[in-house]
Structures are given as structure tokens and as C-alpha cells.
Amino acid sequence: SEAGIDFAVLVGDEMGDLAKELEAGELGKAGGGALGKALPFAHCQSPSEAGEALARFGLEHGDAILIKGSNSV
């Protein structure tokens, strides 16, 4: 929450545990997004799927995006 991330994209199988934590609301509890809501995210299997997920987010100028990939990606 300190980084002001608006969206997260997790890429690869190794990001599954992190995706589960985000889905359960375990991360970002101390502040979440700007309104204390859960962080919108997508868990993707490939970089091309991540690009498609970014397009669906409806990004706006100034949005902060965290993209985290497995070492294998």
C-alpha cells in the first residue's frame, strides 16, 4: 500500500501462492488501494496473457502497475 500500486499482474506458476493471498485479501490489508479496497490483480501464465489482462484493467494516466513474474518467465 505504501507504493501506491493500483493494479498487479502476476505471471507464471510460481506466482500462484501470491495470487491466492491477494484473492483472500491477505495483502494490502493495512490500506489496500486508495479506498482501502483489495488490490485488483490478474494471475497469468504467459507474458502475452499478461498484456491482455492489462488491456482489460482500463488503465488511466498515472496508474501504478506492479508486474511480478516467476524466474522461469
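Within the stretch 31-54, which residues are at pLDDT 90 or above, among the aliphatic types (A, V, I, L, M) and out of contact with any Lys or Arg (no Cβ under 8 Å at 6 or more places or on another chain)? Ala50, Ala53, Leu54 - these are the residues of the stretch 31-54 that are at pLDDT 90 or above, among the aliphatic types (A, V, I, L, M) and out of contact with any Lys or Arg (no Cβ under 8 Å at 6 or more places or on another chain). Checking Glu23, Glu14 one by one, the residue that is modelled with pLDDT of 90 or more, open to solvent by 80 Å² or more (accessible area, probe 1.4 Å) and out of contact with any Lys or Arg (no Cβ under 7 Å at 6 or more places or on another chain) is Glu14 and no other.
The values are calculated or read from the model by the stated rules, or taken from the named source; none is laboratory data. It should be emphasised that the depicted structure is a prediction, and the values quoted were computed from it without experimental measurement. Glycine also receives a Cβ, built like all others from the backbone with ideal geometry; neighbour counts cover every protein chain displayed. Keep in mind that these areas ignore ligands, DNA and RNA; they rest on the heavy atoms of the full protein, side chains included. Shrake-Rupley method; radii C 1.70, N 1.55, O 1.52, S 1.80 Å.
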